Each structure stands twice: as C-alpha cells, then as structure tokens.
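Below you'll find the structure, written out as structure tokens, and then a few comments.
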Amino acid sequence: LIGGLGGEKIRWIATVEKLGVDLKHIMGDVLIAAGSVAYLGAFTADFRKDMVDEWNQLLHVNEIPHTDGCSIHTTLADPVSVRAWQIAGLPSDQLSTENALILRKARRWPLMIDPETQANSWIRTMERPNNIEVIKLSSATYLRSLENGIRFGKPILMESVLDELDPALEPLLLRSTFKQSGQEMIQLGDSIVPWNKEFR
C-alpha cells in the first residue's frame, strides 16, 4: 500500500503548491466571482467578458492579489458538478455554465428568459430527485403548491411568468422571513407558513 501511494507523492506536492498559490490569490479571485454573481446575471456574454476584464485590470492597478484572467468560471466551477449539470441537459458552452453558477450561488430567486426551454428541462432533470413541482400563475392552486413547497422544503419551478406578479408573492421574492415562537416564518398571501431552508 505504501509503495502504491508513493507514486502519488509527486501529484500531492503539485496540489499543495497549487493550493498555496490559490490561497495567496483568493481575495481578488473571490471579488471577481462575487461581482459576477451579484451584477452580471442579466447581461450578454460579451458584456460580461468586458466587465470581468475591466475588473481584472482594476485589481492589477490596486495591487490586489489575484490569478491572471480569473473569472467566475475559474473560481467557482467544480468540474464534477459542471459535468453532472451537462449530463442533466445544461448546454456545454461557457455562458450556460456561468448562468448555472450564478443560479446556484445567488441569494435571489432566478428569473430565466428561456425561449428554447433548455433551462426549464435542465432544472426539471436536476431537481427530479427532490420532487420538484412545476406550477403556473394561471393555476387556481398555485399558492397552495407554493405553501407546501416552502413548508416541506421542496423545489418549485414557476413557469410562464409575465410582466406583473401577484402581490402575494412579494414577501417570498424578498425572502422577508420573521421569527414567531422561535421558528422562522414567512407570509404568503393570507397564510403564515413555516420557512424551510431547503426550499428553492
């Protein structure tokens, strides 16, 4: 066993060296990734690239340690997760991967403009093991489905969202939770529902 692991020594030394370099550059790399998640989700690939290039230049000018050419993809992407997403139907281009990273890391609920229904089918496939429920605002029972999703921590996919939303959804969109008798709650329409942190 020791002899077999001896061959791994070279790889382990290289990994330790890479981790040391990554640790030195973590501040700038995370700054770029956080900015991408917070601000760039709604923009085109060209605009995102221009912004990330500009941010990289500002990091260099202000002497903030960072990896040259760092981006959300180089900082946050886990190859195993990305491969699982692609198997589930996510297109393999860099923009789609960035969108998936933003969707997974953002604190806000994502609104996806999806004329080819690629994101819709990807989310359905990824969340099928978690019993995803698909609802439409035109359904008479959508608030009850949302309430059950929040209560039991199930994922909900709301399809065909138009320009205007039901005002009852505002506390949910803002994640306006509050404590009641020591339990986290949220107001949904006329109901007060226990908030499950697994809900998305």
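The values are calculated or read from the model by the stated rules, or taken from the named source; none is laboratory data. Quick caveat, the model's predicted, so the values are computed rather than measured. Heads up, the Cβs are rebuilt from the backbone with ideal geometry, glycines too, and the neighbour counts pull from every protein chain shown. We work out accessible area using only protein heavy atoms, side chains counted, and drop any ligands, DNA or RNA first. Shrake-Rupley method; radii C 1.70, N 1.55, O 1.52, S 1.80 Å.
The convex hull built on the alpha-carbon positions of segment 104-200 has an orientation-averaged projected area of 6.6 nm².
What segment 9-137 shows is 69 Å² of accessible area per residue, with the surface traced by a 1.4 Å probe over protein heavy atoms. Sort segment 1-131 into rounded, prolate or oblate with this rule: let a ≥ b ≥ c be the square roots of the eigenvalues of the Cα gyration tensor; rounded if a/c is under 1.5, and if a/c is not under 1.5, prolate when a/b is larger than b/c, oblate otherwise. Note, shape of segment 1-131 comes out oblate. Legend: residues I87, I113, sorted from most to least accessible area (1.4 Å probe; ligands, DNA and RNA excluded), read I113, I87.
Each other residue within a Cβ distance under 14 Å of A88 adds +1 if Lys or Arg and -1 if Asp or Glu, for a net charge of +3.
A Förster radius of 30 Å combined with the Cβ-Cβ distance from R124 to S191 puts the calculated FRET efficiency at roughly 0.65. Carbon and sulfur atoms: what percent of the 1.4 Å accessible area of the chain do they account for? Carbon-and-sulfur percentage of accessible area, whole number: 57. Non-local lysine pairs in segment 1-159, meaning eight or more places apart or on different chains, with alpha-carbon distances under 21 Å, amount to 4. In percent, rounded to a whole number, the relative contact order of the chain is 14, using alpha-carbon pairs under 8 Å and six or more apart. The residues packed around G28, meaning those with a beta-carbon under 13 Å from its beta-carbon, carry a net charge of -3 if Lys and Arg are +1 and Asp and Glu are -1. The H on the amide N of V134, modeled in the peptide plane, is under 5 Å from the matching H of L157, each at least 5 residues off or on a different chain.
The Stokes-Einstein estimate for segment 33-107, based on a Kirkwood radius over Cα pairs and taken at 37 °C with 0.692 mPa s viscosity, is a diffusion coefficient of 253 µm²/s. Rounded to the nearest 500, the helix-only mean residue ellipticity at 222 nm of the chain stands at -15500 deg cm²/dmol, with each DSSP H run of n ≥ 4 adding -39,500 (n - 2.57). Rounded to the nearest 20 debye, the dipole magnitude of segment 122-167 is 300 debye, with +1 charges on Lys and Arg beta carbons, -1 on Asp and Glu beta carbons, and the Cα centre as origin. Within the listed set Q118, Q57, Q180, the residue fluctuating most in the Gaussian network model of the chain (springs between alpha-carbon atoms under 10 angstrom) is Q180. If I build a Gaussian network model for the chain, linking alpha-carbon pairs within less than 10 angstrom, which residue out of A140, A84, A34 has the largest mean-square fluctuation? Highest fluctuation among the options: A140. Counting charges near F199 (Lys, Arg +1; Asp, Glu -1) among other residues having Cβ under 9 Å from its Cβ returns a value of +3.
For the chain, list the DSSP H helices whose alpha carbon atoms reach 18 Å or more along the long axis and whose average Kyte-Doolittle value is 0.0 or above? Helices passing the filter in the chain: 9-24, 26-39.
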